[in-house]
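The values are calculated or read from the model by the stated rules, or taken from the named source; none is laboratory data. Quantities reported herein were computed from a predicted structural model and do not represent experimental measurements. Note that we place each Cβ from the backbone using ideal geometry, even for glycine, and neighbour counts take in every protein chain shown.
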Amino acid sequence: MKEPVPAPLWLRLAALGYDLLVLVAVWMLVAALVLAAFGGDVDVAHQPPLYHVVLQAALLVSTGAYFALSWARAGRTIGMRAWHLRLVDAAGGRAPSARQSLLRFAVAMVSALAVGLGFAWCLVDRERRGWHDLAARTRLERVPRGG
């Protein structure tokens, strides 16, 4: 059996680009539901301050759920499937646990807030791991075509 090949940063970003297309649809649905819960007034300037807090929290939770559930259930998001990538537990080679997936998402958010430094770490790490992979003890690897 061949040794797994770590995914380079450009493939990670390509998969994320695909996932953003899915997330835009999810965000539109979530925003519509939150807007409906607050009376459906499209002029958001007239919504109470709580509306904005609830909307931002709902968008963050739905984003985290998309990634964490995809990783924990199959080790792959839709974008990762398209680019033949798989997320695995670094120790066992299986899909990460729900805890690992949530931790990975949380640290990825910190990485993004740090101007992407946590993602760029893939460029210097020998095994191409980002901060989120190091924290969650996961690795992103290429999947052979047809695998």
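Here are the numbers for this structure:
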item	result
Search result, residues across region 102-147 that are among the aromatic types (Phe, Trp, Tyr) and over 14 Å from Ala7 (Cβ atoms)	Phe105, Trp131
Every residue from region 69-107 that is part of a loop (DSSP other than H, G, I, E, B) and buried (at least 19 other Cβ atoms within 10 Å of the Cβ)	Gly75, Arg76, Thr77, Trp83, Ala95, Pro96
Residue that is at pLDDT 95 or above and closer than 24 Å to Asp133 by Cβ, where the choices are Val61, Val54	Val61
Residues that are within 21 Å of Ala72 (Cα to Cα), crowded, with 21+ Cβ neighbours inside 10 Å and in contact with a Leu (Cβ under 7 Å, 6 or more places away or on another chain), drawn from region 112-140	Asp133, Ala136, Thr138, Leu140
Criterion violated by Ala68 - all others in (1) small (Gly, Ala, Ser); (2) over 25 Å from Thr138 (Cβ atoms); (3) touching a residue at least 12 places away in the same chain (Cβ under 8 Å) satisfied	(2)
Close pairs from region 90-111: first in contact (Cβ under 8 Å) with a residue 12 or more places away in the chain, partner part of a loop (DSSP other than H, G, I, E, B) and not basic (Lys, Arg), Cβ under 6 Å, at least 6 apart	Ala95/Gly75
Within region 9-19, tally of residues that are loosely packed, with under 14 Cβ neighbours inside 10 Å and in contact (Cβ under 8 Å) with a residue 12 or more places away in the chain	1
